[in-house]
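Following: one structure in structure tokens, then a few remarks.
Just so it is clear, none of the values below were taken in a lab; they were calculated from the coordinates. In this text the structure is predicted, and so the values were computed from the model without any measurement. All Cβ positions, even for glycine, are placed from backbone atoms using ideal geometry, and neighbour counts span all protein chains on display.
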Amino acid sequence: MTSIVRFALVFFISATATVLLPLQSSGQGTPPKTDQASIQGTWVVVAAEKKGKKLTDDELADLKLTMAITDNVLTTSTKGQPEPGSKFTLDSAKNPKSIDFFDFKGRHEAAGIYRFDGDNRFTIRISVDRNTRPADFTSPLNDSDRQLTLVRKAK
């Protein structure tokens with residue numbers, strides 16, 4: 001290998017490292033996490049409201065409500081007992097972000113909105129009236145609305 005070729009290779013490798021290493025360490029080379037990726041895992045319900053009534057801390061502790069989310073399937077558990085799950089789709093392009101639930105035959109079950117509060121907390125408001133979707137998180141809940149605040153279960 002001639003000295004000019006060797007110089008060119010060394011220059012190319014060092015120039016490439018100079019550009020790529022800062023990107024790697026700063027996270028700029030990593031694409032942002034999607035909502036679908038962020039929602040994966042097991043979540044514990046820490047606040048719940050139904051028909052305008054908030055569940056007390058004692059009621060929540062007694063119910064032990066959890067959600068396990070894998071891919072696009074959500075399975076709930078009450079008092080440690082699994083309940084029938086459902087499929088869901090997210091639309092993070094909408095404002096507020098939307099979520100729709102379907103049974104395993106593809107029938108629409110509920111419409112909702114969601115938001116993340118950091119990596120380990122999210123809030124979801126759903127309407128069991130299949131024809132309506134809650135408009136925001138601030139308006140009072142109507143009879144068909146439910147709101148849950150969840151935190152990621154520690155491993």
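A DSSP coil position with no more than 10 other Cβ atoms inside 10 Å describes the following chymotrypsin sites (Phe, Trp or Tyr not before Pro) in segment 58-155: Phe104.
Would you mind classifying segment 18-155 by shape? Square roots of the alpha carbon gyration tensor eigenvalues, ordered a ≥ b ≥ c; an a/c under 1.5 is rounded, otherwise it is prolate if a/b is larger than b/c and oblate if not.
It comes out prolate by the Cα gyration axes.
Shown for segment 82-136 is the translational diffusion coefficient from the Stokes-Einstein equation, using the Kirkwood radius over Cα pairs, a temperature of 25 °C and a viscosity of 0.890 mPa s: 208 µm²/s.
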